[in-house]
1. State all residues of region 51-75 that are surrounded by fewer than 15 Cβ atoms within 10 Å (Cβ to Cβ) and part of a loop (DSSP other than H, G, I, E, B); if no residue qualifies, say none.
2. Can you name the condition, by its number, that residue 114 falls short on among (1) more than 14 Å from the chain's Cα centre (by Cα); (2) not in a loop (DSSP other than H, G, I, E, B)?
3. Quick check on region 26-46. Is at least one of its residues surrounded by 11 or more Cβ atoms within 10 Å (Cβ to Cβ) and at pLDDT 90 or above?
4. Quick check, is residue 159 crowded, with 21+ Cβ neighbours inside 10 Å and either modelled with pLDDT under 95 or in a helix (DSSP H, G or I) (or both)?
5. Would a scan of region 98-107 turn up a residue that is in a loop (DSSP other than H, G, I, E, B), assigned by TED's automatic domain parsing to the domain that holds residue 190 and either surrounded by fewer than 16 Cβ atoms within 10 Å (Cβ to Cβ) or at pLDDT 95 or above (or both)?
6. Tell me, please, whether a residue that is at pLDDT below 95 and in the same structural domain as residue 201 (by TED's automatic domain parsing) can be found in region 135-148.
7. When only residues in region 1-25 that are at pLDDT below 65 and surrounded by 13 or more Cβ atoms within 10 Å (Cβ to Cβ) count, which is nearest to residue 77 (Cα to Cα)?
């Protein structure tokens, strides 16, 4: 105890190759202990793969991240973070039907709320793929065009089109345009500069 400077208990020290690589003294909350363990534990191959897939997703490298998320799900089926990532890569490529299946059957988890926020976009893309989007008037035609643009990966143009619809009718088809708009922002991610700018524009229109 003297050799390692232990003067009170509890005193927790982590060793690697006979060297102290981390330590803390006194009672600590669970969150602090988990943080300590995460810091001293080497990441697993699965964790590294998840980190790489998520990084590619954030860079909108849809196809590359899709492949990695599918590999992860082969190893850990129904893993919520990987499922959400896969659904987002599919949405980014315009594959509404497959994303819709994943999101509608999403397991209870901390990712569930995000999955539900993405569902309106999956529904819209699926209807576009099936030719089921309404085109009864000019706003319907503009909405269908915005969804098609999203399906082609042109997210800024899709968002611009939806904003114009909302300027003309805030409650277009019971809020459908607003829900798809918010789903596209979720797909972009909260740290995307475009996402923050578009949220401000939406707030200016709605409020």
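The values are calculated or read from the model by the stated rules, or taken from the named source; none is laboratory data. Keep in mind that this is a model prediction, so the values were computed, not measured. Cβ coordinates were reconstructed from backbone atoms using ideal geometry, including for glycine residues, and neighbour counts include every protein chain displayed.
1. 59
2. With (1) more than 14 Å from the chain's Cα centre (by Cα); (2) not in a loop (DSSP other than H, G, I, E, B) applied to residue 114, the lone miss is (1).
3. Yes; the residues of region 26-46 include at least one that is surrounded by 11 or more Cβ atoms within 10 Å (Cβ to Cβ) and at pLDDT 90 or above.
4. On the way: crowded, with 21+ Cβ neighbours inside 10 Å: yes; either modelled with pLDDT under 95 or in a helix (DSSP H, G or I) (or both): yes.
Yes, satisfied.
5. First, pick out the residues of region 98-107 that are in a loop (DSSP other than H, G, I, E, B): 105-107.
Subsequent filtering for residues that are assigned by TED's automatic domain parsing to the domain that holds residue 190 retains none.
No, because not a single residue in region 98-107 is in a loop (DSSP other than H, G, I, E, B), assigned by TED's automatic domain parsing to the domain that holds residue 190 and either surrounded by fewer than 16 Cβ atoms within 10 Å (Cβ to Cβ) or at pLDDT 95 or above (or both).
6. Yes, some residue in region 135-148 is at pLDDT below 95 and in the same structural domain as residue 201 (by TED's automatic domain parsing).
7. 24
The rows are residues; the columns are (1) farther than 22 Å from residue 173 by Cα; (2) more than 11 Å from the chain's Cα centre (by Cα); (3) in contact (Cβ under 8 Å) with a residue 12 or more places away in the chain.
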site	(1), (2), (3)
86	yes, no, yes
96	no, yes, yes
105	yes, yes, no
110	yes, yes, yes
123	no, yes, yes
126	no, yes, yes
132	no, yes, no
139	no, yes, yes
145	no, yes, yes
